[in-house]
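Only one structure is covered here, and it is reproduced in the block below.
Each value in this text was obtained by applying a stated rule to the coordinates, not by laboratory testing. All of these numbers come straight from a predicted model, not from anything done at the bench. Cβ: placed from backbone, ideal geometry, glycine included. Neighbour counts: every protein chain shown.
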Amino acid sequence: MNHDQLYLLKPDFHDRGKIYFCPGCAEMVGLLEFYPALKQRVDVHYVDYPRPRPELISLLGEENQSCPVLVLKSVPPDLPARLKVQRANGHAFVAGAREIAEYLAHVHGTGLPH
């Protein structure tokens, strides 16, 4: 793994007869558009909505297949304690759009969510 891995749900998924998108995933797409340099530093993967999500299960286990999620290449030693890095199956990860945005701000110098 050369970069952190960002997993997002594909848009326009069907659930109970309606078409949806994931607001947190859309927030991450917007962040990548605000800060295009992130696209060179983070690998983005789109996964299907229905569970199970095998790609995430193989990395983080069945209990950690929610999106958005950022699987970390490594944990920076100077990471502030307020940033919640979780661990599963030998991988460190950050879950949730705001938490991921805060992590990326600290590591890559983007703006913080307000």
Discussion item. P(r) for the chain, please, calculated from all Cα pair distances in 10 Å bins and given in %.
Written reply: 13, 48, 31, 7, 0
Discussion item. At 222 nm, what value in deg cm²/dmol follows for the chain if DSSP H runs of at least 4 each add -39500 (n - 2.57) and the sum is divided by all its residues, to the nearest 500?
Written reply: -8500 deg cm²/dmol
Item to complete: Rounded to the nearest Å, what's the spacing between the alpha carbon centres of segment 45-105 and segment 1-36? Just the number, please.
Response: 14
Worksheet item: Tell me which lysines have Cα within less than 27 Å of Lys39's Cα, excluding those fewer than 8 residues away on the same chain?
Response: Lys10, Lys73, Lys84
Discussion item. Charges at C-beta only: +1 for Lys and Arg, -1 for Asp and Glu. How large is the resulting dipole of segment 32-80 about its Cα centre, in Debye rounded to 20?
Written reply: 120
Worksheet, complete the sentence: Comparing Ala92, Ala37, Ala26 in a Gaussian network model of the chain (Cα, 10 Å), the one with the largest mean-square fluctuation is Ala37
Practice prompt. For segment 103-114, just list the computed ³J(HN,Hα) in residue order, Karplus coefficients 6.51, -1.76 and 1.60, θ = phi - 60°, integers in Hz, with x standing in for Gly and Pro.
Written response: 4, 4, 5, 5, 7, 10, x, 6, x, 7, x, 10
Fill in: Lys, Arg +1 and Asp, Glu -1 on Cβ, resulting dipole of segment 4-108 about Cα centre, debye, nearest 20
80
Discussion item. Per residue of segment 56-63, what does 6.51 cos²θ - 1.76 cosθ + 1.60 with θ = phi - 60° give for ³J(HN,Hα)? Whole Hz please, x for Gly and Pro, Karplus curve as stated.
Written reply: 6, 4, 5, 8, 10, x, 4, 6
Worksheet entry | Value of relative contact order over the chain, rounded to a whole percent, pairs C-alpha under 8 Å and six or more apart | 29
